[in-house]
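In what follows, a structure is listed as C-alpha cells, so that the remarks can point back to it.
The values are calculated or read from the model by the stated rules, or taken from the named source; none is laboratory data. This is a predicted model, so every value here is computed, not measured. Virtual Cβ from ideal backbone geometry, glycine too; neighbours counted across all protein chains shown.
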Amino acid sequence: MAGKTAKKKTRKTAPKDGISDRIVDAALTLAAGQAWRDVSLAEIAEAADLSLLDLYRVYPSKGAILAGFARRIDEAVLAGREDEDRDGTARDRLFDVIMRRFDALKPARAAVGSIVCDLGRDPVMGLCGMASLARSMSCMLEAADLSASGLRGALRIKALGVIYLATMRIWLGDDSPDLSQTMAGLDRYLRRAEWLAVRCSRLRHREAEESPAAA
C-alpha cells in the first residue's frame, strides 16, 4: 500500500505580501489569451502556483482580483505624481493623470481588452467593475488636486468615469508608439467636459440672479 500512496503535488509558498501580485499577474496572463468569462478561479490559482484555498483567502472572486489590479494601477499613478508639475489647469492635470494611468495599463492591454469586453456582457460583474471604477476615478481626481468629496465630487467622479471609458475604447486600438490617438481623444473629451461645466455654471448663476429670492 505504501508504494501505491499518491504523492501530493506541492506548491511554492510565497510571502503573504507577494501572493496578491502573483494572483493578479496570473489572472492577467490568462485573460490575455482567452475570454475573461472563461477564466476560473481554479485556473488562476494553478497559474499562480497556489492552492485554491490560498487564492480565496486573498481574493474570493474574480471581481476582487480586478479590484486588486485597479488598486495596483492607482498606486502606480500616485507614485508618478511626485515627479510631475501640478501648476497647470485642472484640465491639464487630469490629462496628465489619465495618460499616466494608460501608460501603467499598457503592459496588460490585451488582458484589459478581454476584461472590458466581458464586463459589458455580465451585469453582476459590470456592477462590481463600476464600483471599482468609481474608486479609481476618485483617486485620479485627488491626484489631479481636485476634490472627490460631496455632491460636486460625485458628479466629477461620474463625468471622469465616462471620459475615461470613452478614451479607453480609443486606447485599446491605438497602436501608435506615443499613443497620439489616445491623447487626442482624451484632450477632446476633457475640453468638451470643461465647456459643459462652464456653461452649466453660467446657467446656474443666471438662474440665481433671476429667481424671486434674489430680488
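Does segment 91-102 contain any residue that is farther than 21 Å from Y189 by Cβ and either loosely packed, with under 15 Cβ neighbours inside 10 Å or hydrophobic (A, V, I, L, M, F, W, C) (or both)? Steps first, answer last, please.
Keep residues of segment 91-102 that are farther than 21 Å from Y189 by Cβ, which gives none.
The answer is no, given that none of the residues of segment 91-102 is farther than 21 Å from Y189 by Cβ and either loosely packed, with under 15 Cβ neighbours inside 10 Å or hydrophobic (A, V, I, L, M, F, W, C) (or both).
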Identity of the residue in segment 49-70, in contact (Cβ under 8 Å) with a residue 60 or more places away in the chain and closer than 21 Å to F102 by Cα, that ends up surrounded by the most Cβ atoms within 10 Å (Cβ to Cβ): L66
Among (1) modelled with pLDDT under 95; (2) over 25 Å from G18 (Cα atoms); (3) assigned to a helix (DSSP H, G or I), the one test that L78 misses: (2)
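Only one of these is under 20 Å from L190 (Cα atoms) and in a helix (DSSP H, G or I): R109, R152. Name it. Before the answer, list the steps.
Numbers: R109 fails: under 20 Å from L190 (Cα atoms).
Going through R109, R152 in turn, just one is under 20 Å from L190 (Cα atoms) and in a helix (DSSP H, G or I): R152.
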Residues of segment 171-200 being closer than 14 Å to D103 by Cα, in a helix (DSSP H, G or I) and in contact with a helix residue (DSSP H, G or I) (Cβ under 6 Å, 6 or more places away or on another chain), which ones? W171, L172, Q181, T182, L186
Taking segment 166-200 and the residues there that are more than 20 Å from the chain's Cα centre (by Cα) and of a type in the set (K, R), the one that is farthest from L133 (Cα to Cα) would be R199
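Results for (1) farther than 25 Å from D92 by Cβ; (2) at pLDDT 75 or above, shown as yes or no for each residue.
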position	(1), (2)
L172	no, yes
D175	yes, yes
Y189	no, yes
H205	no, no
So S114 clears everything in (1) loosely packed, with under 14 Cβ neighbours inside 10 Å; (2) polar (S, T, N, Q); (3) touching a residue at least 24 places away in the same chain (Cβ under 8 Å) except one condition, right? Which one? (1)
